[in-house]
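Novice: Here it is, the structure, as structure tokens.
What follows draws every value from the coordinates through simple rules; no lab data is involved. Since the model is a prediction, treat every value here as computed from it, not as a measurement. Ideal geometry is used to build each Cβ from the backbone, glycine not excepted, and the neighbour counts take in all protein chains shown.
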2 protein chains.
Amino acid sequence: MLQHPPAEPGMREEEVDTPALVLDLDAFEHNLDTMAALLAPTGTRLRAHAKTHKSPVVALAQMRRGAVGQCVQKVAEAEALAWGGVPDILVSNEVIAPRKLARLAALSRIAKVAVCADDEAGVRAIEAAAEDAGIRMTVLVEIDCGAGRCGVDPGPPAVALAERIAASPHLIFGGLQSYHGSAQHRRNLEERHAAIAFAAEGTRRTVEQLRQRGLACAIVGGAGTGTFQLEAATGIWNEIQAGSYAFMDADYARNGEPPPFRHALFVLSQVMSAPRPGGAVLDAGHKAVAVDSGLPLVHGLAGVRYTGASDEHGTLAAEDPAALPRLGEKVRLVPGHCDPTVDRHDWYVGVRKGRVECLWPVAARGGMA
Amino acid sequence: MLQHPPAEPGMREEEVDTPALVLDLDAFEHNLDTMAALLAPTGTRLRAHAKTHKSPVVALAQMRRGAVGQCVQKVAEAEALAWGGVPDILVSNEVIAPRKLARLAALSRIAKVAVCADDEAGVRAIEAAAEDAGIRMTVLVEIDCGAGRCGVDPGPPAVALAERIAASPHLIFGGLQSYHGSAQHRRNLEERHAAIAFAAEGTRRTVEQLRQRGLACAIVGGAGTGTFQLEAATGIWNEIQAGSYAFMDADYARNGEPPPFRHALFVLSQVMSAPRPGGAVLDAGHKAVAVDSGLPLVHGLAGVRYTGASDEHGTLAAEDPAALPRLGEKVRLVPGHCDPTVDRHDWYVGVRKGRVECLWPVAARGGMA
């Protein structure tokens, strides 16, 4: 069930119902402009990742600044984007269930849709869905370029799978998905360099072997907010899949030489209990702000820390009790991890210079399948 | 936006779209019956906590077995229950924002509604909302019985706040909220005993001091799944607020002498990638199953462990690679923490003996405010 919007346009931010997902529109637009400016000289395209924002409104704002399309992880996300007018979507993940593939095939009638595979059984399932729908589906081979999660090994296993795709009557071989997820949050820039150099070697080798078999990679996609400048500099990847750059969370800010973006996404919260001096309790616990990558940061209140999250409560502490916000005060939290925090909420409250300017639904919130 | 239901009644469980929240109806009903049987001889009422289940269907199943009503933490949860036919709801938490209190006052026209306070400013805000709505609102005083989060101290501070409520023309003093949250998960039974003995002393003392001032406690509420048998045995609490007992998660199962309930709630997931021997990747990461209280357990597959959660992927490992499920296989996960896991999903898929029997919406999912 969609929840009440927590605000109305024109309200002051202090009037917004809490907890709420607040997007600082000036910082958000700065981040989009910064990414466009950084990628322009590299010739690398941006296909921003919608698993972060789950919103066609955000997607279209990215595309107005030059993004060629969007990535998603789930078919439900692809649907929310296509229904919202996004014309070009890559599911940067494996989909093997026939019910999901049938939905994806249906969607390809209203948007350009591609999907990944890392197993012959996956290729057969996609071929069957495309045949049933009477369409041709573009399929990328995912390679494991170092993260050790999904993806076939670079080189011959990837080439064999690509040939299988190319030989399938209802499939089009679309290129490589080569994303090094665990490299994004390595704290040291040299470690990120080493991880992407390793990923680049396997990716380059695979692209070359495919070329020798006559298979061109229309897309060589990968990279995230923590490493995209490294991938873009190699000339191997032609599409960057960063997502968090639009919002910039506390975990990315902990990287050494962090990515050059501003915190744009906040969970606005209220002190709803302060029974004793030296303590304050917020109405935002881990149902409102994700804690998988660390607790949120308290924004703009020097010396105040968010020290504990339970389901619906967050506790604050400060060396100087006078620094704590008082009962009823509202506090901006910077989420530890933006993607799952967005997925907890039904609405973005877009704020500019202290006033609510817009309300955007988190259209693919809860899109599991 | 409400997502597609992941199943249809009559389907086999293996056909359910993943990831999905699966409720084993036999185990669920066993848990409800067990709680009713345990509380009957104590004379203590059950007011089950809906922050766990967020569903009027679950609430009414609990009430058919004798629960007198429901607790909630948020006004949005109270609305979802009242609109779904639940007649008696306690917000076991402070509400201080005028917009929220106005919604709660409106709701009191269709259900019996009560709320907590731990500050005079909170009492004034509730009085103002009740006066504006032309109703009388029941207010409980929350005391801090040991957890150190919300609540005034037992004894004179609680009595002073109760007198303030009783003197407010549009309020009714309803009793005490005395919940020791941090005691629920203490692993050792003796530690739980000691925590509840401490809570009981402060609660008993406060009830007695209130009685001396002529203030009777219609409700003395508290207790959770980890300790309710201790509170019920004291004769001080007259309402038990357990919620997780209905589903029973992995974290409660880690308690020494764990509560006597069966795992009824699962996240059904599918192996969507298995590119290398010895590894398997599920389609359920921490957007589908909460990890704040530890990773989920793999149900019914001996030797297989869920070793890592990213946003949309879960990795499995096993000492014996042959024990791992294969690509396409479906796996039941026992969530580490049931409450936030339920809040990630739009639908319960009720299953009995391998067949989908019902689909229940998680009506208050995402109910933040």
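Novice: Report, for B:A194, each distance to the same residue's label point in the other copies, shortest first and in nm; define the point 7 Å along Cα→Cβ.
Specialist: Counterpart label points of B:A194 in the remaining copies fall at 4.6 nm.
Novice: Compute the projected area of the convex hull of the Cα atoms of the protein assembly as shown, averaged over all viewing directions, and report it in nm² to one decimal place.
Specialist: 30.4
Novice: What is the distance in Å between the Cα centres of the stretch B:224-284 and the stretch B:323-369?
Specialist: Cα centres, the stretch B:224-284 to the stretch B:323-369: 13 Å.
Novice: So how do A:Y245, A:Y252 line up by other beta-carbon neighbours within 10 Å, fewest first? Before the final figure, lay out the partial values.
Specialist: Details: A:Y245 27, A:Y252 23.
Fewest-to-most ranking of A:Y245, A:Y252: A:Y252, A:Y245.
Novice: B:K353: which lysines have alpha carbons under 22 Å from its alpha carbon, excluding same-chain residues fewer than 8 sequence positions away?
Specialist: Excluding near neighbours in sequence, the set is B:K330.
Novice: Right, here's the next one. Name the shape class, rounded, prolate or oblate, that the alpha-carbon gyration tensor gives for the stretch B:267-312, where a ≥ b ≥ c are the square roots of its eigenvalues, rounded holds for a/c under 1.5, and otherwise prolate holds if a/b is larger than b/c and oblate otherwise.
Specialist: oblate
Novice: Continuing with the same structure: Give me P(r) over the stretch A:43-246, computed from all C-alpha to C-alpha distances, binned every 5 Å, as integer percentages.
Specialist: 1, 8, 17, 20, 20, 17, 11, 4, 1, 0
Novice: Restricted to Cα positions, what overall size does chain A have along the principal axes? Three whole-Å values, descending.
Specialist: That gives 71, 44, 34 Å along the principal axes, largest extent first.
Novice: Pull out a ≥ b ≥ c, the square roots of the eigenvalues of the alpha-carbon gyration tensor of the stretch B:164-225, then state rounded if a/c is under 1.5, prolate if not and a/b is larger than b/c, and oblate in the remaining case. Don't skip to the end; give the middle numbers.
Specialist: Numbers: a/c = 4.16, a/b = 2.25, b/c = 1.85.
Prolate, because a/c is 1.5 or more and a/b exceeds b/c.
Novice: Can you check what the net charge comes to around A:L140, using other residues whose Cβ is under 12 Å from the Cβ of A:L140 (Lys, Arg +1; Asp, Glu -1)?
Specialist: Numbers: positive: A:R47; negative: A:E94, A:D118, A:E142, A:E239.
Combined, the nearby Lys, Arg, Asp and Glu give -3.
Novice: Along the Cα→Cβ direction, 7 angstrom out, place labels at B:R99 and A:E131. What is the inter-label distance in nm?
Specialist: Simple spin-label model gives 5.5 nm for this pair.
Novice: B:E257: net charge of surrounding residues, Cβ under 12 Å, Lys/Arg +1, Asp/Glu -1, itself excluded?
Specialist: Here the charged neighbours net out to +2.
Novice: Can you give the Rg/Rh ratio of the stretch A:1-41, where Rg is from the C-alpha atoms and Rh is the Kirkwood radius?
Specialist: Details: Rg = 15.0 Å, Rh = 12.7 Å.
Using Cα coordinates only, the ratio equals 1.19.
Novice: What whole-number distance in Å separates the alpha-carbon centres of the stretch A:58-137 and the stretch A:149-192?
Specialist: With the stretch A:58-137 and the stretch A:149-192 each reduced to a Cα centre, they are spaced 17 Å.
Novice: Now for a different question. Sort A:H286, B:H263, B:H30 so that the residue with the fewest other Cβ atoms within 10 Å of its own Cβ comes first and the one with the most comes last.
Specialist: Numbers: A:H286 28, B:H263 20, B:H30 16.
Ascending number of Cβ neighbours within 10 Å: B:H30, B:H263, A:H286.
Novice: For the stretch A:151-164, just list the computed ³J(HN,Hα) in residue order, Karplus coefficients 6.51, -1.76 and 1.60, θ = phi - 60°, integers in Hz, with x standing in for Gly and Pro.
Specialist: Along the stretch A:151-164, the couplings run x, 6, 5, x, x, x, x, 5, 5, 4, 5, 4, 5, 5 Hz.
Novice: Regarding the stretch B:1-132, what are the three Cα extents along the principal axes, ordered largest first, in Å?
Specialist: Largest to smallest, the principal-axis extents are 54, 45, 23 Å.
Novice: Let's test the formula: R0 of 45 Å, r as the Cβ-Cβ distance of A:A322 and B:A106. What FRET efficiency results, to the nearest 0.05? Please list the in-between numbers first.
Specialist: Numbers: r = 38 Å, r/R0 = 0.84.
That pair, A:A322 with B:A106, gives E of 0.75.
Novice: What is the percent of Cα-Cα separations in the stretch A:159-269 that go past 21 Å? Each step should come with its number before you reach the end.
Specialist: Working: 2696 of 6105 pairs.
That tail contains 44 percent of the Cα-Cα pairs.
Novice: Residue by residue through the stretch B:7-14, what is 3J(HN,Hα) from phi via Karplus (6.51 cos²θ - 1.76 cosθ + 1.60, θ = phi - 60°)? Round to whole Hz and write x for glycine and proline.
Specialist: 7, 10, x, x, 4, 6, 4, 5
Novice: Name the residue from A:A121, B:Q3, A:C145 whose Cα lies farthest towards the positive end of the charge dipole of the protein assembly as shown, charges +1 on Cβ of Lys and Arg and -1 on Cβ of Asp and Glu.
Specialist: Final value for the positive-end residue is B:Q3.
Novice: Each residue of the stretch B:32-49 in turn: what ³J(HN,Hα) in whole Hz from Karplus with 6.51, -1.76, 1.60 and θ = phi - 60°, glycine and Pro shown as x?
Specialist: For the stretch B:32-49, the Karplus curve yields 5, 5, 4, 4, 4, 5, 6, 7, 3, x, 7, x, 8, 7, 9, 10, 4, 8 Hz.
Novice: Full extension from A:D153 to A:E120: what is 0.36 nm times the residue separation minus their Cα-Cα distance, to one decimal in nm? Could the numbers behind the result be given before it?
Specialist: Details: separation 33, 0.36 × 33 = 11.88 nm, distance 1.36 nm.
This chain segment gains 10.5 nm when fully extended.
Novice: Related question: Listing A:E131, B:E319 from the residue with the fewest other Cβ atoms within 10 Å to the one with the most, what is the order? Don't skip to the answer; put the middle values down first.
Specialist: Numbers: A:E131 16, B:E319 9.
Fewest-to-most ranking of A:E131, B:E319: B:E319, A:E131.
Novice: Give me the one-decimal nm value for the distance between modelled label points at A:H4 and B:L60, 7 Å along each residue's Cα-to-Cβ direction.
Specialist: 2.4
Novice: Once Lys and Arg get +1 and Asp and Glu get -1 on their Cβ, which of A:H53, A:N93, A:F198 lies farthest toward the positive end of the dipole of the stretch A:43-246?
Specialist: Comparing the listed Cα positions along the dipole, A:H53 ranks first.
Novice: Could I ask something else about it? Can you give the relative contact order of chain B as a percent, counting alpha carbon pairs under 8 Å and 6+ residues apart?
Specialist: Values: 872 pairs, mean separation 80.5, N = 369.
Once divided by the residue count of chain B, the mean separation gives 22 percent.
Novice: With Cβ to Cβ distances under 13 Å as the rule, what net charge do the other residues near A:A80 carry (K, R +1; D, E -1)? Show your work: numbers first, answer last.
Specialist: On the way: positive: A:K51, A:K54, A:K74, A:R103, A:R365; negative: A:E77, A:E79, A:D343, A:D346.
Neighbourhood net charge equals +1.
Novice: What are the aspartates and glutamates whose alpha-carbon lies under 14 Å from the alpha-carbon of B:K74, with same-chain residues fewer than 8 places away excluded?
Specialist: Cα-Cα hits under 14 Å: A:D17, A:D283, A:D311, A:E312, B:E94, B:D339, B:D343.
Novice: When the chain is fully extended, how far beyond the present Cα-Cα distance does A:E329 get from A:D33, taking 0.36 nm per residue of separation? Please report the intermediate quantities before stating the final value.
Specialist: Working: separation 296, 0.36 × 296 = 106.56 nm, distance 3.29 nm.
Full extension from A:E329 to A:D33 adds 103.3 nm.
Novice: If amide H atoms are built 1.01 Å from N in the plane of the peptide, which residues on other chains or at least 5 residues away come under 5 Å of the amide H of A:I219?
Specialist: A:G175, A:L176
Novice: If you don't mind, another one. Calculate, for A:H193 and A:R276, the FRET efficiency according to 1/(1 + (r/R0)^6) with r their C-beta to C-beta distance and R0 60 Å; round to the nearest 0.05. The partial results should precede the final answer.
Specialist: On the way: r = 49 Å, r/R0 = 0.81.
Efficiency computed from Cβ-Cβ geometry: 0.75.
Novice: R0 = 30 Å: FRET efficiency of B:C358 with B:L301, Cβ-based, nearest 0.05?
Specialist: Details: r = 26 Å, r/R0 = 0.87.
Given R0 = 30 Å and the Cβ-Cβ separation, E is 0.70.
Novice: Classify the stretch B:258-369 as rounded, prolate or oblate from the Cα gyration tensor: take a ≥ b ≥ c as the square roots of its eigenvalues, call it rounded if a/c is under 1.5, otherwise prolate when a/b beats b/c and oblate if not.
Specialist: It comes out prolate by the Cα gyration axes.
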